[in-house]
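Shown next, in C-alpha cells, is the structure this report addresses.
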Amino acid sequence: MEKEPKNTSKKNQKRKSGAYIWWLIPIIVVFATLAVYGLQWKSQLKVERVLVDGANYLQAKEVVSLSTIQQNMFIDDIETGVVEEKLLQHPLIKFAKVESQLPDAIRITIVEREPFAVVNGNPILYVDSEAVLLPQLPSVQFDLPIINGITGISSVELGKQIPNPSVFLAIEVLKQAKSVGWYEAISEIKVGTNGEVMLNAIEHAVPIFIGKDDFAGRLQKLETFWNNFVKNGAAAQLKYLDLRFDGYVVVKWDKPNERTTRIPL
C-alpha cells in the first residue's frame, strides 16, 4: 500500500518532464530561426560610414585611406585585426582600434604619437617621448627643443626608435625638465661625447651646463635660481650657468665686468 503513491509520483514527474521538453522544442526552434535570420541579415550589411576618432595631425580621410575600408564593402568581410595592422604601419599612429557599429558604420579609433623634440638633421624631423622618429608635419608648427649633434638619423626608418644613446639621454633630461616646469624654456639640448649635457635657454640663448647625473636635482636647482635671480630682463646679463656643483650655482655674468659668482642653492 505504501509503494503506490511513490510510483504515482514518479509517473507524474515523468509526465511533467516530458511536457517541459515539448514546450522547450518550439522555443529552441524559434531562437535558432532568429539566429539564422540574424546571421543572414548581418552578412548583408554594408559600410555606409567610416568614423574616425583621435586624428589630430592626420586628417580623417587619410586614416580611412590607410585602412583601405571603402563604402559598400560588406561589414562582415572586414577583418578588424588586419585593418589595425595596416594603420599601425603609419609612423604617427601609436594605437589603433577598429570596430563595427551596426547597421552601417565602422569606427576607427587611433592614438597618435606626440612630437616631443626636434632632431636637427636634413630635413628636420621630430621624435616622440620614446625616441621614435616621426615625419615632417608642414601644416603644424611646433615650438619644441632641438636635440643637436645627433648623427646616423638618415638610416633610421620613420616610425622606428633612433638607436642612439644620446637621443635617449636627451629625451630623459627633457622629461625631467618637464616635471619641474622648464621644458618650454629650453631651445636646445646637446649631449657631449663624454655624456655631459648642455642646454640653451630660449631667453637670450643662455648656455646651461648640467653635467651627466642627478638631472632632476640640477634642473630643480635651475628652476629655483631662475625664479629668484633672473627677473626683469636679467637673462641678458648672463653669459652661462654651471649647475655641476653641489650646493651652489656658478654664474658667469656678461660684460661689462664679466665676473663669476657662486650662488648657494
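The values are calculated or read from the model by the stated rules, or taken from the named source; none is laboratory data. Remember, it's a predicted structure, so these values are computed and weren't measured experimentally. All Cβ positions, even for glycine, are placed from backbone atoms using ideal geometry, and neighbour counts span all protein chains on display.
Just the residues that are under 19 Å from residue 263 (Cα atoms) and out of contact with any helix residue (DSSP H, G or I) (no Cβ under 9 Å at 6 or more places or on another chain), please, taken from the stretch 175-213. 207, 209, listed by residue number. Suppose the filter is at pLDDT 95 or above and closer than 26 Å to residue 166 by Cβ; does residue 208 pass it? Answer is yes for this residue. On the stretch given as the stretch 214-235, residues that are outside any loop (DSSP other than H, G, I, E, B) and either over 14 Å from residue 263 (Cβ atoms) or not polar (S, T, N, Q) (or both) total 14. Meeting the requirement of 2 or more residues that are at pLDDT below 90, under 28 Å from residue 71 (Cα atoms) and touching a strand residue (DSSP E or B) at 6+ places or on another chain (Cβ under 6 Å), no strands (runs of 3 or more DSSP E) wholly within the stretch 88-148 can be named.
Screening the candidates 206, 191, 167, 197 for the property of being in contact (Cβ under 8 Å) with a residue 40 or more places away in the chain and closer than 17 Å to residue 244 by Cβ yields one hit, 191.
If the condition is being closer than 18 Å to residue 196 by Cα, touching a residue at least 24 places away in the same chain (Cβ under 8 Å) and assigned to a loop (DSSP other than H, G, I, E, B), then the stretch 237-265 contributes 243, 244. Just give me the residues in the stretch 209-265 being exposed (fewer than 15 other Cβ atoms within 10 Å of the Cβ), over 21 Å from residue 187 (Cβ atoms) and within 33 Å of the chain's Cα centre (by Cα), in sequence order. Listed by number, the residues that qualify are 213, 217.
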